[in-house]
Amino acid sequence: MFEAKLIQGNLIKKIMEGLKDLVTEANFDLSPGGVSLQAMDSSHVALVALMLRGDAFENYRCDRPRSIGMNLVNLSKVLKCAGNDDTMTLKADDTQNNITLVFESQAEDKYAEVQMELMDIDSEHLGIPDNTYDAIVKMPSAQFSQIVKDLSSIGDTVTVSVTKDGITFSTSGDVGTAHITCKQNTSMEKEADHTTVNLEHPVTLTFALRYFVTFAKSTSLSHQMSISLSKELPVMVEYAMGDMGHIRFYLAPKIDD
Amino acid sequence: RSTQGRLESFFGPV
């Protein structure tokens, strides 16, 4: 038996916002420690890794580890039945090939129960090494989102360069070229507004910009996000959800011929 | 010219 209740059910809605444009179906790995997911986009250029710790849930019960496959388009439809302030309970019986989602209003005056079929999905997990990155930049997620949106109307690729002076996003297209630099800034009162640059070695990598725009759909999960870069390695873009878990995106760089 | 890398070129199977 698997059962888990989230007081802030809309967390699942927010997570789905970041997932559904990248992958259409995925296996959720249920274990006593929590719920995780790893899935690649169809072109195997980007990978999403989700982790929700068991203690992020109000009641968490997972009697045995199990993978449940879900069509994320269908899951998004089901989630429309949930109000933004509703609690969300997920239930999956080990002997059944479906999942039950229960949405309850905080005042307990509305109760919705939806059953959704599960599916068998062949998925391969990739081993992601614990990298020591050359550069880790933390910045407000709204700022990152704005930058990649703005640049995507100018060009298709983005060159990300980190030096001790800050992080620079550059693109070029028919319109012209654009460079946006964010310098380290920790003068603001709120830590979530800070930009910090943790640099081992300066690094420059080029990526397909549209994936960054997709990753930025997770902006509502966290005020801060981080970009971790190493020479000739996929970039890691992370949105941490406090001590509840995280969503991490990996994107393979463009390689010079 | 540059080509798009694939994740399998960087991360191995589990």
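The values are calculated or read from the model by the stated rules, or taken from the named source; none is laboratory data. Since the structure is predicted, the reported quantities are computational estimates derived from the model, not experimental observations. In this analysis, Cβ positions are derived from the backbone assuming ideal geometry, glycine residues included, and neighbour counts consider all displayed protein chains.
Within the stretch A:2-36, the set of residues being more than 14 Å from chain B (Cβ to nearest Cβ), crowded, with 19+ Cβ neighbours inside 10 Å and part of a strand (DSSP E or B) comprises A:F2, A:A4, A:L6, A:A26, A:F28, A:L30, A:G34, A:V35. Take the conditions (1) among the charged types (D, E, K, R); (2) away from chain B (no Cβ under 14 Å); (3) free of Cβ contacts under 8 Å to residues at least 60 places away in the same chain; A:D122 misses just one of them, which is (2). Among residues of the stretch A:148-164 that are acidic (D, E), those with a beta-carbon under 7 Å from a residue that is surrounded by 15 or more Cβ atoms within 10 Å (Cβ to Cβ) at least six positions away or on a different chain give the pairs A:D156/A:G173; A:D156/A:A208; A:D156/A:L209.
Of all the listed residues (A:K149, A:K110), the sole one being over 26 Å from A:S222 (Cβ atoms), away from chain B (no Cβ under 14 Å) and among the basic types (K, R) is A:K110. For the stretch A:215-238, filtering for residues that are crowded, with 20+ Cβ neighbours inside 10 Å and closer than 20 Å to A:D156 by Cβ leaves 7. Does A:V102 meet the test of being under 24 Å from the mean Cα position of the chain (by Cα) and within 14 Å of another protein chain (Cβ to nearest Cβ)? No; evaluated as a whole, the condition is false for this residue. Pairs are defined by a Cβ separation below 8 Å, a sequence spacing of at least 6 or placement on different chains, a first member in the stretch A:85-97 that is closer than 18 Å to A:D120 by Cα, and a second member that is loosely packed, with under 12 Cβ neighbours inside 10 Å and among the acidic types (D, E); the pairs so defined are A:D94/A:D63.
Against the conditions (1) loosely packed, with under 14 Cβ neighbours inside 10 Å; (2) within 14 Å of chain B (Cβ to nearest Cβ), A:E191 satisfies every one except (2). There is at least one residue in the stretch A:207-216 that is free of Cβ contacts under 8 Å to residues at least 60 places away in the same chain and not small (G, A, S). For A:F207, the conditions (1) at pLDDT 95 or above; (2) exposed (fewer than 15 other Cβ atoms within 10 Å of the Cβ) are fulfilled apart from (2).
Scanning the stretch A:43-66 for residues that are within 14 Å of chain B (Cβ to nearest Cβ), more than 17 Å from A:I12 (Cβ to Cβ) and in contact with a Ser or Thr (Cβ under 8 Å, 6 or more places away or on another chain) yields a count of 1.
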